[in-house]
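Worksheet: one structure, shown below.
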Amino acid sequence: RTVYVNGDYLPEGDAKISIFDRGFLMADGVYEVTSVLGGKLIDFEGHAVRLKRSLDELEMAEPCSKEELLEIHRKLVALNEIEEGLVYLQVTRGSDGDRDFVFPSADTKPTIVLFTQNKPGLADSPAAKKGAKIISIEDIRWGRRDIKTVQLLYPSMGKMMAKKAGADDAWMIEDGHVTEGTSNNAYFVKNGVIVTRPLSNDILHGITRKAVLRMAEEAQMKIEERLFTIEEAKEADEAFTTSASAFVMPVVEIDGVALGDGTPGPITKRLREIYLEESMNAAI
Ligand code: PMP
């Protein structure tokens with residue numbers, strides 16, 4: 001694999017980062033994942049805009065322009081011959097060569113790394129045909145989940161809790177309400193109405209969420225953005241998650257309770273189809 005590190009395209013084994021990098025020592029960094037279908041980038045613009053916002057919120061410098069970012073994405077997709085897969089991008093605050101809680105001076109160069117992941121069959125995934133089983137767990141993450149930081153230890157532990165329980169993923173609960181999935185936004189459908197939590201600092205502002213809600217509205221579907229409990233979701237007709245890497249993923253079981261007939265619901269399946277078709281048409 002050819003990867004990108006601070007201006008250079010290198011074989012992955014030759015890429016180097018300082019051990020003092022604050023991304024490594026303090027999880028002081030942000031990331032984006034953009035999917036690739038048909039060799040093209042899905043919603044690059046959305047990811048670039050959110051990256052800028054994450055950097056601004058953490059007073060971190062932009063490593064390069066949006067145009068350069070697009071060029072790097074495209075070059076890596078071409079060099080690694082990715083038809084279906086992902087481009088992972090990470091920007092960290094870098095380092096001035098020591099460990100300190102105080103941010104290094106503003107002229108310290110951020111570290112930027114990009115790599116691709118080849119995922120043949122990403123769009124036509126067997127997992128999406130089956131649907132996911134989820135469990136609910138407490139949400140004990142920090143209070144700025146709207147910033148896409150690389151602090152992924154708790155989401156990673158949540159995913160492991162799900163695996164150990166024989167499920168695929170976990171939804172997190174705070175103050176009695178579902179926040180989101182470990183790496184996706186959460187929805188249920190009851191009597192034809194799509195329900196999802198409104199945007200705030202409590203959840204990531206999903207790029208896929210934004211696109212899917214727009215497409216649902218255009219398809220005359222009913223949407224309610226409001227807080228909801230896991231009990232409500234368990235009594236739903238359907239449920240699903242959205243993320244850039246899994247698109248619209250049906251949820252067929254919550255805490256051992258099957259939803260509907262235990263297979264992906266019709267509104268969920270329709271949304272997945274619409275999302276994939278429209279996103280591929282708009283891909284660059
Ligand atoms: N919430 C969390 C916690 C996530 O990690 C992700 C995916 N990175 C999402 C939601 C979905 O966001 P997107 O649609 O932009 O991938």
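Relative contact order, whole percent, for the chain stands at 19, derived from Cα pairs under 8 Å and 6 or more residues apart.
Helix 44-57 and the longest principal axis of the C-alpha atoms of the chain enclose an angle of approximately 70°. If R0 equals 45 Å, the separation of the Cβ atoms of Ala127 and Val102 corresponds to a calculated FRET efficiency of about 0.55. Eigen-decomposition of the gyration tensor built on the alpha-carbon atoms of the chain gives equivalent ellipsoid semi-axes of 33, 22, 17 angstrom, largest listed first.
Coupling constants for the range 241-250 follow from the phi torsions by the Karplus curve (6.51 cos²θ - 1.76 cosθ + 1.60, θ = phi - 60°), and in residue order they are 10, 10, 6, 5, 8, 10, 6, 9, 10, x Hz; glycine and proline get x. Spin-label pair Leu227-Arg144: with each label point 7 Å from Cα along the Cα-Cβ axis, the two points sit 2.3 nm from one another. With both labels modelled 7 Å from their Cα along Cα-to-Cβ, the Ala258 to Met160 distance reads 3.2 nm. The charge dipole of the chain, taken about the Cα centre with unit charges on the Cβ atoms of Lys, Arg (+1) and Asp, Glu (-1), comes to about 380 debye, rounded to the nearest 20. Listed by chain and number, the lysines whose alpha-carbon sits under 22 Å from that of Lys269, ignoring those within fewer than 8 places in the same chain, are Lys119, Lys129, Lys130, Lys133, Lys190, Lys210, Lys222, Lys234. Between 0 and 90 degrees, the angle of helix 266-282 with respect to the longest Cα principal axis of the chain falls at about 30 degrees. Our note on the geometry: Cα centres of the range 34-52 and the range 74-94, 10 Å apart.
Its Cα centre serving as origin, the range 126-282 has a Cβ charge dipole (Lys and Arg +1, Asp and Glu -1) of approximately 500 debye.
At the listed q of 0.10, 0.13, 0.14 Å⁻¹, the Debye profile of the range 68-219, built from one uniform point per Cα, gives log10 I(q)/I(0) equal to -0.51, -0.86, -0.98.
The angle between the Cα long axis of helix 66-79 and the main principal axis of the chain comes to about 80°, on a 0 to 90 degree scale.
Packing, as the average of other Cβ atoms within 10 Å across residues, places the peptides 4-13, 75-84, 267-276 in the order 267-276, 75-84, 4-13, highest first. Think of the range 126-282 as a dipole: +1 on every Lys or Arg Cβ, -1 on every Asp or Glu Cβ, centred on the Cα centre; then among Val248, Ala258, Leu213, Val248 lies furthest on the positive end.
Readers should treat all values here as calculations from the given coordinates under stated rules, not as data from a laboratory. Model, not experiment: these values are computed from the prediction. Counting neighbours? That spans all protein chains shown, and the Cβs are built from the backbone with ideal geometry, glycine included.
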